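The next block holds one structure in the form of structure tokens; read it before the comments.
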């Protein structure tokens, strides 16, 4: 057993944190004392996998609300980043190794410098490491060839540092007791060149690309449902009537919530399609028809083999889970990396072309749902992709890479 204490810094939604629980489980099996640092609202979720959880006293959302009340909504972006930086630091104390997620890339290299510990990026989206296969997320897809694609990562990294440098340097001085960062390289370029492996928790089948030598695309990080988890009797009875469609709308853009909810509600009422809708806090259950069961989040590894298709927001984790289980997808991406994953599902032939949430209406959704349920070629291709992904053991591979690197130190 290794004496090096590993802290996995994973923040965000349940779906954002889920893959890191698989990585933590495999690191634990490799003999590392491992803990997961996340926000307080996810403590019971982490502990249900028999993992040690380190949390802050209050959920991140509560800290953000308090800061906004004090400093005003016009400073919302700065307030959010300030809360993220402070929370990440609190979650990183008392560890020997920091393994960090996409959501904490702004903070983690500086925290590792303060704590004098190695930092290992473990990311679930292709983020900031250059490739000539496609441009960086958030950069336009221009017909300028591989050279532009590679350059776009340096440009995005430089722009990100330009807009966050003042805030981060103030935080370094005030909270970390460090001097302002004035290196010739941006902090993440420094991380890329540190010699630590950069781990990607998705499949090379889904994202085929050439990467720098220390970048490892391990395969997705999945694991079974917690041993003590049991579905509700209501959910079991609903599934006994036949495989429904899974609908997971995710965190919808605030300005479009009413229209999206209305489109889904009307489409489900008129079509009569049986569906399980994962509640995201905005769907009024009393307005949904009897053919729809509203459910709290359910482990995908248990649920997806029991559904016929899925409509979702194309986050990294749910996209990979649907691909792994051969479930054809209809995606409605909103932001950040979601359009990327939606496009990859369609390119693989395991899902339909994405729908634009800006143009979504009930009729468009009804037509797409009917195609999703009846297109046999789509289902067959989803199964073919699934067979290949089932052979990957991404979390185990990532844990071994971390172990091998730490042995060299």
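Take residue 318 and tell me if it is in contact with a helix residue (DSSP H, G or I) (Cβ under 9 Å, 6 or more places away or on another chain) and either crowded, with 22+ Cβ neighbours inside 10 Å or farther than 27 Å from residue 48 by Cα (or both). It is true that residue 318 is in contact with a helix residue (DSSP H, G or I) (Cβ under 9 Å, 6 or more places away or on another chain) and either crowded, with 22+ Cβ neighbours inside 10 Å or farther than 27 Å from residue 48 by Cα (or both). Looking only at region 282-301, decide whether some residue is crowded, with 23+ Cβ neighbours inside 10 Å and either within 23 Å of the chain's Cα centre (by Cα) or outside any strand (DSSP E or B) (or both). Within region 282-301 (the criterion being crowded, with 23+ Cβ neighbours inside 10 Å and either within 23 Å of the chain's Cα centre (by Cα) or outside any strand (DSSP E or B) (or both)), the answer is yes, since at least one residue qualifies.
Just checking, which of 222, 264 is in a loop (DSSP other than H, G, I, E, B) and crowded, with 21+ Cβ neighbours inside 10 Å?
222
Across region 382-409, the number of residues qualifying as surrounded by 13 or more Cβ atoms within 10 Å (Cβ to Cβ), touching a helix residue (DSSP H, G or I) at 6+ places or on another chain (Cβ under 7 Å) and under 21 Å from residue 349 (Cβ atoms) comes to 3.
Just so you know, in region 94-143 the residues that are in contact with a helix residue (DSSP H, G or I) (Cβ under 7 Å, 6 or more places away or on another chain) and on the phi > 0 side of the Ramachandran plot include one that is surrounded by the most Cβ atoms within 10 Å (Cβ to Cβ), and it is 128.
We did not get these values from a lab; they are worked out from the coordinates using the rules stated. Only a predicted model underlies this, so the values are computations on that prediction, with no experimental measurement involved. Virtual Cβ from ideal backbone geometry, glycine too; neighbours counted across all protein chains shown.
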